[in-house]
Amino acid sequence: MKIARLALSLCLPFCLFAAAPSGAADAHFDACLSSLRADAAAKGVSNAAFDRLTRGLTPDMSVIEFLDYQPEFRTPIWDYLASLVDDERVADGQALREKWAASLAAAADRYQVDPATVIAIWGVESNYGRNFGKRPLLTSLGTLSCFGRRQAYFRGEFLSTLKILDAGDIAPERLVGSWAGAFGHTQFMPSTFLRLAVDGDGDGKRDLMDSVPDALASTANFLRKAGWRKGEPWGYEVSLPAGFDSSGAGRRNKQPLSQWAARGVRRADGQALAASNAAAGLLLPAGPKGPAFLVFTNFDAIYGYNAAESYALAIALLADRLQGGKALVTPWPTDDPGLSRQERREVQTLLAARGYPIGEIDGMIGSNSRQAIEAEQKRLGMPVNGRPGQKLLAALRSAAPAGK
Ligand code: CA
């Protein structure tokens, strides 16, 4: 408070212009929060608990920018998978599967799901607990409840967060997550937590922030409730005969395996399709010239976790790799494949050596890295699109640094 007043006195009269909108936002926020007090009470959060948990809460308008952000750069599926299903994530997952073997076996047995898929979700959602997001949930969700396009949805999540904190499962200062309020090892939204989180380690609390057994059991419970069928595959890569008519493709357009077999579809590894009547959809993530997959009900269960087919495919392929599965037989239809995180870090290191302000070498291609890539693409006579691919990496490895 003292600091704010001092800052204001230093920058008068100019700051009044900047301060006015933020003051108006604060007033709106306070009124908006007050209006949620009764909703919280109706959900079982007492007025006293509401006041205690929201005291001093101020909006963080930066989350609204994420809400409105429309990526102009649509990530190709081969780039998306190259960083999510890379050798590092496979090795890390295999090590952690050993480390948490007892908890994992208990969770998989209790909910009758596949342990490798549970580990794969953990690996993709938070890089096995390394990346939770750092934003206090009440601040982000309070802001999204009172500003922006999807206030009704976020109010539900805000009230769910209050319920979690009021129940004492997780301490308020520990409850941080993504800008949208997903949190913990497996990035549950608060309403998902209330519905599906379970106590895996038996301490009486459901803690997705600090308990790996709770996170693994909760993810297993999610998959179970989403319709997982034990012992069945998610699907597998297939090969299509020449001249195949792909007009019936689609995850939802499921046909009996016998029909796919009759149309000449075979497993990519050469095995015959199972002689069962199980229904499968044909997934062509990059069109008929790329890898093809037949997907079953369990693929839909993974899709339920995060409604994107590319996401479900990343989980499915990572789960396969964790169990010793090989890379895809059919290559992605590109002459410039994507980069693993190790290769992305190499790109960042090579760019930093050329003097670009990359910041932390973390394998995450943010706006600094993208701008540097564009500058180097221009210099190297490559198409300028800011995309880190194998061609860029090869060019950076062989080209002399600029100005040297
Ligand atoms: Ca627990």
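Numerical summary
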item	result
Modelled label reach - Q271, point 7 Å along Cα→Cβ, segment 301-328 residues with backbone N closer than 18 Å	316-328
Per-residue HN-Hα couplings for segment 340-345 [Karplus 6.51, -1.76, 1.60; θ = phi - 60°; Hz; x = Gly/Pro]	5, 5, 4, 5, 5, 5
FRET efficiency estimate (nearest 0.05) - Cβ-Cβ, D245 to Q342, R0 45 angstrom	0.65
For S218, S83, S276, order by how many other beta-carbon atoms lie within 10 Å, fewest first	S276, S83, S218
Space enclosed by the convex hull of the alpha-carbon atoms of segment 275-397, per residue, Å³	146 Å³
Pairwise Cα inverse-distance average, inverted: Kirkwood Rh of segment 341-398 (Å)	10.9 Å
At 0.890 mPa s and 25 °C, Stokes diffusion of segment 178-266 via Kirkwood alpha-carbon radius, µm² per second	151 µm²/s
Stretchable slack from K43 to N127, in nm (0.36 nm times residue separation minus alpha-carbon distance)	26.9 nm
Mean separation of Cα contacts under 8 Å, 6 or more apart, over the residue count of the chain: relative contact order %	15 percent
Of K289/K391; K134/K391; K134/K326, pairs whose Cα-Cα distance is over 25 Å	K134/K391; K134/K326
At most 15 other Cβ within 10 Å, DSSP loop - trypsin sites (Lys or Arg not before Pro), segment 317-347	K326
Contact order normalised by residue count of segment 341-398, Cα under 8 Å, 6+ apart, percent	34 percent
D_trans [Stokes-Einstein, Kirkwood Rh over alpha-carbon pairs] for the chain, 37 °C, 0.692 mPa s, µm² s⁻¹	137 µm²/s
Per-peptide average of other Cβ atoms within 10 Å, ordering 291-299, 93-101 highest first	291-299, 93-101
Rg/Rg_ref, segment 87-171, where Rg_ref = 2.2 N^0.38 Å and atoms are Cα	1.43
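Read-outs: derived from the displayed coordinates by stated rules, not from any lab. Since the model is a prediction, treat every value here as computed from it, not as a measurement. For neighbour counting, all protein chains shown are included, and Cβ atoms are generated from backbone atoms with ideal geometry for every residue, glycine included.
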